[in-house]
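Take a look at the structure set out below.
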Amino acid sequence: MSASTAPATTDQVSAPPPTELAAGDHRRTLLGTALQSVLAVVTALILGGLLIAITDEKVRHAAGYFFARPGDTLSAMWHAASGAYAAMFHGAVYNPDGATVADSLYPLTETLTVATPLILAGLGVALAFRAGLFNIGAQGQILIGATLAAWVGFSWHLPAGLHLLAVVAAGALGGAVWGGVVGLIKARTGAHEVILTIMLNYVALNLVAWLLSLPGFQREGSSNPVSPAVDGTAMFPKLLGDHFRLHWGFVVAVLATVAVAWLLERSTVGFELRAVGANPRAARTAGISVTRGFVVVMLLAGMLAGLAGTAQVAGTEHSLTSGIAASFGFDAITVALLGRSTPWGTFFAGILYGAFRAGGVTMQSMTGTNIDIVLVVQSLIVLFVALPPLITFATRRSQEVAA
Amino acid sequence: MQLKLTDVTKRFGDFTANNRVSLTVEPHQIHCLLGENGAGKSTLMNVLYGLYEPTSGTVEINGAPAHFSGPGDAMAAGIGMVHQHFMLVPVFTVAENVALGHESTRGMALDLNSTRARIREISDRFGFAVDPDAVVEDLPVGVQQRVEIIKALVRDAEVLILDEPTAVLTPRETDELLQIMRQLRDNGTSIVFISHKLREVRAVSDVITVIRRGEVVGRVGPETATDELAALMVGRDVSLTVAKEPSLATGAALEVRDLTVLGDNGVVLLDGVDLDVAPGEILAVAGVQGNGQTELTRALVGLEKRVSGSVRLAGRELTGLRTREVLAHGVGFVPEDRSTDGLVDSFSVAENLVLDRYRERGFAAGPSLRRRAIAEHARSEVGEYDIRAGSVDSPVATLSGGNQQKVVIARELGRPLKLFVASQPTRGVDVGSIEFIHRRIVAERDRGTAVLIVSTELDEVYALADRIAVFFHGRLMGIVGPETPRGALGRMMAGEPADAVLPPAPWDGSRSGHGDTGGPTAHDLVPSDAAPQPGSRPSHPGANVPASPRDLATEPSDDRPEGNRTA
Amino acid sequence: MSTATASQPSPRGPGAAGPVPGPAPDAELATSAANRAVGVRTYRPATGLGVLALVSFAVFALHASSRAVRFRFSGDGDVVRLPDAEVAAAPYAWAVTIVLVALAGYAAVRARKLPRWVVALAGFCFVTGFLVWIVGTAQTPSISVTALLAGSVALATPLVFGALGGLLCERSGVVNIAIEAQLLFGAFSAAIAATVSGSAWVGLLAAMAGSVLVSVLLAVFAIRYRVNQVIVGVVLNVLVSGLTGFLFATVLQPSAAAFNTPERLPHVRIPVLAEIPVVGPVLFDQSVIGYIMYAAVAVVWFALHRTRWGLRTRAVGEHPKAADTLGVSVNALRTRNVLLGGAVAGLGGAFYTLVSVSAFTRDMTAGSGYIALAALIFGRWNPVGALLASLLFGFASNLESILSFLGTPVPSQFLAMLPYVVTIMAVAGLVGRSRGPAASGEPYRKE
């Protein structure tokens, strides 16, 4: 062996697998983990509420005479924050003003609709995490998946059923290609996937923008970058009737969660991926191909994100725009982190963030609170989930509870 | 400078690494700290160097209490340390490494010229031959170590701590280092020499403090007999012998021809190696770490990238196959470092026991894992190999080193094999487990499996080997019989071919290698009385090979306290 | 047991030694301290150059315009006038292709790391070949080199600061994905502070302070609590995007006069020097931030390679434990550098609201932080490299806007993609090898 490399290799501290944050700690109790997540959500909501309160017009007005009547300021703050959150709740879970039960529950179905792409893309991120890869590229994978799905949706004309299947397959394929490229380059050259995925996001964005300027792709007579609407046969049927936007894409998300759970915990492929993620050297020594693992997991992760794009095109939007991925790809990262990279954790985190997003729209229209507050709350949650003092606090609490 | 430790105790959680250790290092003295791996020597020195806070106890310098909150304080107080794993930035030049943390500046700018001058001066004084502008990663290990020593000397260290400095050196480089140590002592530096190698300790020390399980168990002079030192160090009489019949094997199960392995930087790590292993034979590879043994084992199972030559097992070519295919051809492989290569820490014991077997029919049905079968398999292996684990579902990280190693051995011996390759099979394993593992390996041999063992512990080599191979700088120096004396092995480890160091063979064959590197006339033959029987103690402390403590008896362990240590 | 099989008998029997040919083993051993080494063959550079040659052939040469391309070096009002240069598109494209093919062939024969001149020559040929080709396809094949370069420098300015800020973090071992957040928050803080105080200089300071605030979060989570650095970076980007977006909508937009009409930083034209053709307008007729940029690159380069701080920073990024054993406080130094990096990136943020546009808008940095990250990597974690990479990326985006005026059939999206594609090729090792600091991304834990 080369004498000179000896010290460098021997005291290289093996980097903790990137799943450390997500996969959690064996010693930590389940109760502690749950409590910590709740604490993180509550703390983030409180901080978000404060932000809403101090930027509120009435609050600022009342603060003008704070020393004369401090109560006014405090009550104005309370009204601003609670009003916004109440509106968010109305928009995300239950609307008490609804005429019928169906109307009242409409917000909940909206939450699930928005959650669908979040869950699917979040699963893609979580799966890659478990194999030790940072998939920052869900955004690009969603875009390419959506593009291919949309193209099959509006340019192929197939019988009902078959058409939808083709659309779903195309979306999955698009995402899988865009993700798989990353796995392939990483496997072949050792390039870091974080850089690759970030760069490919922008390549995808420009690619889609270009496609949407082409004659065959751009809607006829439109000067905006928007594709023709997909055929009716290419759309996901509504799950609860035409009154609700919720579509069968949500069922796809549930099935995907089940599938990922099976894959990770009960399949040989999942065994390989987890081994690659937890200790690539040991995996290689045991005859598991690490590079193949990279390719496989990025194909699957891209496929899941591609399905998220499909859900957007075939479920909610029905045509392709360059904004079709919104910020789902980046939200998916926070969803996977909050869900600790477990399939069901990601599922529920996706629903929570779906609720924020769906509720945020209502909030903005009802109280005028800008929807960007949702981004703030979401990112704060993830930061707090990772914050050790909060972890210590939660663990101690749960131990007290247990004792 | 006098350095005095009084009642120093260091605990990590429940584990006491040092318990009320007291010792005094006087000026002009080489003070040796002798103890097994894991006895607490390095911990003690890290306390002394300010890397660890002692739990209790005091450190005094020239009678005044000293308190170090970091290495900077220790250095300011005149203490320098050469770490076991070198603390050098590989992409920096020698001068940059030496200057780091101790930079002289001219205005805003760094002044490396004065550092270069100091390096040349020290280098000349001790005959180091170190170029200040060489990039460290291009230097051989021995030179890198001198850079470490220069680092300490430039900082005017009056006490120099050397932590297992010979672990990575050849016998020749070791002798040079011992000479440097004497020179430094004569120049007034006090030296703390941490080692577990008896020959070196006796050769160079003025005072020897023996540490066992974190406590001082003796303070003796260098004239103390080797076996007395060993007894102090180990605390009980253990001999490493395995009952085994001589191998009657003939033919070759494994045929290696012209095997060459290149590193990423083009260095030839394994250089045209030819060797055979017969079915039912143990070939043990002895030698200083880092001479190509690791690459040999990794190349056999398809883990090395740049490989040429041929490896045939029972007539089938293995080179070019993927690791999975090699393993499927009936090769069991125990990697050198179980925690980085052998086990997935966060996986359960059960999962680790099938880490390379999860696709077998018994454990998988199509794409699906048969989790119940995997758990049952684990329960039976845990029973058979006496693996002490809370449950087969506990993460393997929670097991002690010895039990972790048994998980790896159990996995690799748990299926029909044609070839069993094990690198350091008992490193960091308690004595009870060593004997168990050795018996298992011999049993595997008796089943007709070809066995290739790589070990840096000569006693292990003698205990197991039917034949012994020695590597030097990636070249095979020869394959010799198990009765070959330690001295002869030592000279082979220093780069002399087998036919140069051995008397005209009393046995036939088994000699190979690159005979054109020299002739036997250049060397004295090894005294004939230097031939120990397998498993016996080294009778020649002056022999050319470092006698490690485990040469004598052993209860090595890694840093974690062994779960099933016997008192 | 002595019947063991002989593997390839030695050429000479042990007894047949006779006189020793060559030096005694001892003598040889003393000189050959290490294993012998042979060159490792790699075909990546050849592949990369081959791709360039192929593009040059298939695009530049085969689709070359038959016209001559005019490069203008002087404007009408210039004191010193240079003549225009005309290049025939097709012959130039063929020449470039031949050179690139030759270089690729050389790389294939050599099969190892390329000398710098090869890389530089290949880069020059490809970029100019590309320029000639693309301008040739425009309706009016004439372009002002001065405007092209000056615009490139302007567009590159925030990238350079972002990349330098990232460099300060990464060279000391902290991966900084949050450059985008730092630029955005810098721009935001600058707009507010400059408006409220009425001074662009206060805005400049506020930009640094705001960006440092992002750094504080990065340092707390990534260094103090050892949360994965990539995760922290990504989340910070979302946080800052949300926060500034929210505050923009609720505070800045409704009361723009009070909060979002910052004064601009002065534009400084250096007399005489600015009259030099091409170079003058490009280098000596700039905003204050542009001059600070040159200074920043020089200072960071000098500090990194020639000062005590730089030596320690590089050590901490490569081998933190070694630095620690020499008394360098790893996490303190990393924290300091992350904060410093924030201050530098903040200057880039200020460019948006104090130089290029005089108001903050939602997400106005539009992913520049990621391009800066790309420039940092493409520039191999080196200040000068980062400057050149940023200039290249600035050049690409400036070309994009100029060409949309000239009317070219090449879709602008492909020019916009260029920085990302080039970076992918760089990290894949096709355009030289990008080797980052060894300990980058690894939190340091003192035992």
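Kindly identify chain B as rounded, prolate or oblate by the Cα gyration tensor criterion: order the square roots of the eigenvalues as a ≥ b ≥ c, call it rounded if a/c is under 1.5, otherwise compare a/b with b/c, prolate if a/b is larger, else oblate.
prolate
Just the Cα atoms of the stretch B:3-234: what Rg and Dmax do they give in Å?
17.6, 59
As a test, work out the antiparallel percent of DSSP beta bridges whose residues both lie in the protein assembly as shown, rounded to the nearest 5.
Taking every DSSP beta bridge with both residues in the protein assembly as shown, the antiparallel ones total about 60 percent.
List the residues whose amide H sits under 5 Å from the amide H of C:SER287, counting only those 5 or more places along or on another chain, with H placed 1.01 Å from N in the peptide plane.
C:VAL268
Give me the distance between the Cα centres of the stretch A:263-282 and the stretch B:26-101, rounded to whole Å.
Taking the Cα centre of each part, the stretch A:263-282 and the stretch B:26-101 sit 41 Å apart.
What number do you get for chain A when its Cα radius of gyration is normalised by 2.2 N^0.38 Å, N = residues?
The value comes to 1.08.
Rank by packing, highest mean first: peptides C:238-248, C:93-103, C:172-182, with packing defined as the count of other Cβ atoms within 10 Å averaged across residues.
C:172-182, C:238-248, C:93-103
In terms of Cα to Cα distance under 28 Å, which lysines are near enough to C:LYS321, apart from those fewer than 8 places away along the same chain?
Leaving aside lysines fewer than 8 places away in the same chain, those within reach of C:LYS321 are B:LYS4, B:LYS10, B:LYS41, B:LYS151, B:LYS197, C:LYS446.
Given a cut-off of under 8 Å on Cα pairs at least six residues apart, what relative contact order in percent is computed for the stretch B:343-415?
Value for the stretch B:343-415: 42 percent.
Which FRET efficiency value, to the nearest 0.05, is calculated for C:ALA257 and A:SER213 with the Förster distance at 51 angstrom and r the Cβ-Cβ distance?
Here the calculated transfer efficiency is 0.85.
If you consider only alpha-carbon coordinates, what radius of gyration and Dmax does the stretch A:229-312 have, in Å?
17.4, 56
With an 8 Å cut-off on Cα pairs and a minimum separation of 6 or more residues, tell me the relative contact order of chain B in percent.
15 percent
Taking only the Cα atoms of the protein assembly as shown, how large is their convex hull per residue, in Å³?
Dividing the Cα hull volume of the protein assembly as shown by its residues yields 212 Å³.
State the volume of the convex hull built on the alpha-carbon positions of the stretch C:44-137, expressed per residue in Å³ and rounded to an integer.
In the stretch C:44-137, the Cα convex hull volume per residue is 94 Å³.
Across the stretch A:305-315, in residue order, what do the Karplus-derived ³J(HN,Hα) couplings come to in whole Hz, using 6.51 cos²θ - 1.76 cosθ + 1.60 with θ = phi - 60° and x for Gly and Pro?
Couplings: 5, x, 5, 4, x, 4, 4, 5, 6, 8, x Hz.
Please report the relative contact order for chain A, taking Cα pairs under 8 Å with a sequence separation of at least 6, and give it as a percent rounded to a whole number.
Here the relative contact order equals 31 percent.
Be a star and scan the stretch C:133-161 for residues whose amide nitrogen sits under 14 Å from the point 7 Å along the Cα-to-Cβ vector of C:ARG67.
Counting backbone N atoms under 14 Å from the label point, the list is C:133-144.
What is the distance in Å between the Cα centroid of the stretch C:247-277 and that of the stretch B:375-397?
First find each Cα centre; the distance between them is then 69 Å.
Restricting to chain B, compute how many DSSP beta bridges are antiparallel as a %, nearest 5.
Percent antiparallel among DSSP bridges in chain B is about 55.
Take the alpha carbon atoms of the stretch B:116-155, find their center, do the same for the stretch B:280-335, and report the distance between the two centers in whole angstrom.
37 Å
Would you pull out the residues with amide H under 5 Å of B:VAL421's amide H, same chain only if 5 or more places away, H placed 1.01 Å from N?
B:GLY332, B:PHE333, B:VAL334, B:LEU452
As a check on your grasp of the helix formula, calculate [θ] at 222 nm for the protein assembly as shown: sum -39500 (n - 2.57) over DSSP H runs of n ≥ 4, divide by the residue count, round to the nearest 500.
One gets -16000 deg cm²/dmol as the mean residue ellipticity at 222 nm.
Let me check the size of chain C from its C-alpha atoms; what are the radius of gyration and Dmax in Å?
When restricted to Cα atoms, chain C yields Rg and Dmax of 27.1, 101 Å.
Could you state the per residue volume, in Å³, of the convex hull enclosing the Cα atoms of the stretch A:27-173?
Here the figure is 232 Å³ per residue.
Starting from the amide H of B:GLY80, placed 1.01 Å from N in the peptide plane, find each other amide H under 5 Å away whose residue is 5 or more places distant or on another chain.
Those lying under 5 Å, H to H, from B:GLY80 are B:GLU158, B:VAL159, B:LEU160, B:ILE161.
I want the local charge near A:VAL295. Using Cβ-Cβ distances under 15 Å, sum +1 for each Lys or Arg and -1 for each Asp or Glu among the other residues.
+3
Given the peptides B:364-370, B:305-311, B:29-35, C:198-204, arrange them by the average over their residues of other C-beta atoms within 10 Å, most packed first.
Listed from highest to lowest mean packing, they are B:29-35, C:198-204, B:305-311, B:364-370.
In nanometres, what is the gap between the two model label sites at C:ALA366 and A:ARG188, each 7 Å from Cα along Cα-to-Cβ?
3.2 nm
With a ≥ b ≥ c taken as the square roots of the eigenvalues of the C-alpha gyration tensor of the stretch C:146-390, please select rounded if a/c is under 1.5 and otherwise prolate if a/b is larger than b/c or oblate if it is not?
oblate
With a/c under 1.5 counting as rounded, go ahead and sort the stretch C:188-307 into rounded, prolate or oblate using the C-alpha gyration tensor (a ≥ b ≥ c being the square roots of the eigenvalues; past the cut-off, prolate if a/b is larger than b/c, else oblate).
Since a/c reaches 1.5 but b/c is at least a/b, the shape of the stretch C:188-307 is classed as oblate.
Based on the Cβ-Cβ distance of B:SER380 and A:ARG266, what FRET efficiency does E = 1/(1 + (r/R0)^6) give at R0 = 22 Å, to the nearest 0.05?
Efficiency at R0 = 22 Å is approximately 0.50.
Just to check, using Stokes-Einstein with a Kirkwood Rh over alpha carbon pairs, what's the diffusion coefficient of the stretch C:272-341 at 10 °C and 1.306 mPa s in µm²/s?
111 µm²/s
For the pair A:ARG60/B:GLU53, report the inter-label distance in nm, with labels modelled 7 Å from Cα in the Cβ direction.
Result: 4.8 nm between the two label points.
How much net charge surrounds C:SER358 when only other residues with a Cβ under 9 Å from its Cβ are counted (Lys, Arg +1; Asp, Glu -1)?
After counting each charged neighbour, the total is 0.
Once phi is turned into ³J(HN,Hα) by the Karplus curve 6.51 cos²θ - 1.76 cosθ + 1.60 with θ = phi - 60°, what whole-Hz value does each residue of the stretch A:119-134 show in order, with x for glycine and proline?
These are the phi-based 3J(HN,Hα) values: 5, 4, 5, x, 4, x, 5, 5, 4, 5, 3, 5, 8, x, 10, 8 Hz.
Just tell me which lysines come within less than 29 Å, Cα to Cα, of B:LYS418; anything on the same chain fewer than 8 places away is out.
B:LYS244, B:LYS305, B:LYS406
Please give me, ordered by residue number, the GluC sites (Glu not before Pro) of the stretch B:178-267 that lie in loop per DSSP and have at most 12 other Cβ atoms within 10 Å.
B:GLU223
Can you tally the net charge around B:HIS67? Count Lys and Arg as +1, Asp and Glu as -1, for every other residue whose Cβ sits under 11 Å from the Cβ of B:HIS67.
-3
Taking beta carbons within 10 Å but only from partner chains, what does the mean come to for residues B:337-347?
Across B:337-347, the average partner-chain Cβ count within 10 Å equals 6.
Rounded to the nearest 5, what % of the DSSP beta bridges within the stretch B:40-184 are antiparallel ones?
60 percent
Which whole-Hz couplings ³J(HN,Hα) result when phi for each residue of the stretch B:200-208 is put into the Karplus expression 6.51 cos²θ - 1.76 cosθ + 1.60, θ = phi - 60°, listed in order with x for Gly and Pro?
These are the phi-based 3J(HN,Hα) values: 5, 4, 5, 5, 10, 6, 9, 9, 10 Hz.
Between A:ASP103 and C:ASP84, how many nm apart are label points set 7 Å from Cα along the C-beta direction?
7.1 nm
We did not get these values from a lab; they are worked out from the coordinates using the rules stated. Only a predicted model underlies this, so the values are computations on that prediction, with no experimental measurement involved. Glycine gets a Cβ as well: all are built from the backbone with ideal geometry, and neighbour counts include every protein chain shown.
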